[in-house]
Amino acid sequence: MGGDLTRDGLPGGPDTAATQPGAEPRPAGTPRIVGIVWGLLVLNTLGSAGAKTIVPLPRSLIQMVTMGALVAAFALALTVNLRLRIRASAYVFLLTLLLVASVISSANLESGFGALFRCFRLALFVGTLWLLSRWWDGSLTFVRHHIRMYFAVLGSVAAGLVVSPGAALPDLYGGRLVGALWPLTPPQIGQYAAVIIGLTVLLVLGRRTDRVSAAVVIVPSFVLLALTHTRTATLGLFIGLALAIGSLILTTAAARRFFTWAVLIAVVAAVGFASALQSWFLRGQSKENFSSLTGRAKVWDALLAAPRSTSEQLFGVGLGDKSFGGLPIDNSWLAVYNEQGLIGVTLVAGIIIVLGGVALLRPPSLQRACAIFLISYCAIASYTEAGLGDASPYLLHLALAASLLAAPAEAAPLSMPEVPRRHIPRWARRSEVT
């Protein structure tokens, strides 16, 4: 990626905007090691379950790599922030409360010792975010880290497609694109592609990157998104972009032009390619299978109908693998209800409401638009994907939104060197008086 996607910001842009009075002093600059920490968090949230890879990778090895990445991220974040300077963040505070609820629900070991291990993982994840919050100042620094890391992940997916098309488009997944080098499922790939496409489009509209550099990111990512046939990611991308660009229409001419052209292209595509779009959207499924959301609705009904004690209703059964009866839940709200109870659902809803409310109260800006895109995408994806109650890419997307909505920190004043007082002889003082 070229252009501004590989730099930390533009001189004189919002990254160096005037600061608000009473804010904490801004650090001299974001250390490069912070980007490494963010990349390790991305690696940790890739997960260990997925498609069969070209070279079989033991799940224990994958878990060792992902968990090691999280431990390394926490250690590096602690090293670069030894004085434990953090910024107040309602998002990370609510995550901390969610961690407490998770520990309470997992303490009875109803989900086994694995629940406590997942709590430890979530604790390291939240702790790392607290340490990184020192550099959350409303700049686009973490947006660039986010795009770079997920673009690298998509690069591995593209490499697997080139090396072994059969393994990357297996019949087991209905010919949908999977990770052939690292076990990634079609929804994961679609999510990563949709998020970096949306963020890059907004950077172009905000003139924070050139069109050539943006095309290098957007075009291959869109191709990979199309090959995954992931409906949730596609809808989240378009709806999230519509809301984000809508927040810029009144202040940005480029946003108005882009929105107009996007509507025209969408109308032409809907008329001229209606059958092809319908075929892609249905993925060869029957209407009955499509109406039940590929069998998800049956799992949801069974979960809601299962008897629960008062304790299980309030706190859940403890952190697990986001499944019920051996089948994936594929709904963030029901997964949280199952594992962290009504208290967990309340805290997750509070996270979405707080971030969304802060975004609406902020004046129009590129940072606000990026945050709106991320929040709306995660809210849409939560209906058919799990992840809002545990360390996951969705919590990392929302952490990025929180960093964009943070008030700019006050720049530390430059200390002026003390000018030594000049000694004036007595006879000179008398002459000045006379």
Sequence-distant or interchain residues sharing an amide H contact under 5 Å with L184, placed H: which? A51, G179
Once both label points are put 7 Å beyond Cα along the C-beta direction, the S309-V71 separation in nm becomes 3.4
Taking only protein heavy atoms into account and a 1.4 Å probe, give the accessible area per residue of segment 71-141 in Å². 44
Report the accessible area of M64, computed with a 1.4 Å probe over the heavy atoms of all protein chains in place, in Å² rounded to the nearest 10. 130
When you count, for each residue, the other Cβ atoms within 10 Å and take the mean per peptide, how do 175-184, 223-232, 249-258 rank with the highest first? 175-184, 223-232, 249-258
In terms of modelled amide H atoms, which long-range or inter-chain residues lie less than 5 Å from the amide H of S323? I329
Taking K and R as +1 and D and E as -1, what net charge do the other residues with C-beta under 12 Å from the C-beta of T384 add up to? 0
Just read off the accessible area of K298 with the full protein assembly in place, 1.4 Å probe, to the nearest 10 Å². 140
Hey, what do the phi angles of segment 228-238 turn into as Karplus ³J(HN,Hα) couplings, whole Hz, using 6.51/-1.76/1.60 and θ = phi - 60°, x for Gly and Pro? 7, 6, 8, 6, 4, 5, 5, 5, x, 4, 5
Within a Cβ distance under 12 Å of A77, other residues only, what is the Lys/Arg minus Asp/Glu net charge? +2
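The values are calculated or read from the model by the stated rules, or taken from the named source; none is laboratory data. These numbers were taken from a predicted model, which means no experiment stands behind them. Glycine also receives a Cβ, built like all others from the backbone with ideal geometry; neighbour counts cover every protein chain displayed. Quick note on the areas: whole protein, heavy atoms, side chains included, nothing else; ligands and nucleic acids left out. Shrake-Rupley method; radii C 1.70, N 1.55, O 1.52, S 1.80 Å.
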